[in-house]
Amino acid sequence: MNASEKTTLCYQNLDSTQIADVVREVTGRSVAPARIADGGKKTLCQTGTLDELLQACGLRPQD
């Protein structure tokens, strides 16, 4: 997935660690939760670039 390519990401009832694991598996990019104390389950369905989706998920790239 290149930086300008748009895709849709949908998930329901996942916590930040689970979301990060899925993003790593699908994209091959190393990501981490942007906030350490970000507990709780989240739901999202959004279309955007990978960076936009990471931000919406509360993740940040580690590369």
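The table that follows gives values for the structure above.
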item: Helical contribution to [θ] at 222 nm, DSSP H n ≥ 4, -39,500 (n - 2.57), averaged over the chain, rounded to 500; result: -9500 deg cm²/dmol
item: Charge dipole (the chain, unit charges on Cβ, about Cα centre) - positive-most of Y11, T27, G48; result: Y11
item: Bins of 5 Å, starting at 0 and running to the largest distance - Cα pair percent for the chain; result: 4, 19, 33, 29, 12, 3, 0
item: Spin-label zone in the stretch 43-59 - amide nitrogen under 13 Å from a point set 7 Å from the Cα of E5 along the C-beta vector; result: 49-51
item: Under 12 Å, Cβ to Cβ, from E52 - net charge with Lys/Arg +1 and Asp/Glu -1; result: -1
item: Cα-centred dipole magnitude for the chain, charges only on beta-carbon of K, R (+1) and D, E (-1), debye, nearest 20; result: 120
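The numbers here are math on the coordinates, done by the rules we state, and not lab data. Here the structure is a predicted model, which is why all the values come from computation and not from measurement. Reconstructed Cβ throughout: ideal geometry from the backbone, glycine too, with neighbour counts over all protein chains shown.
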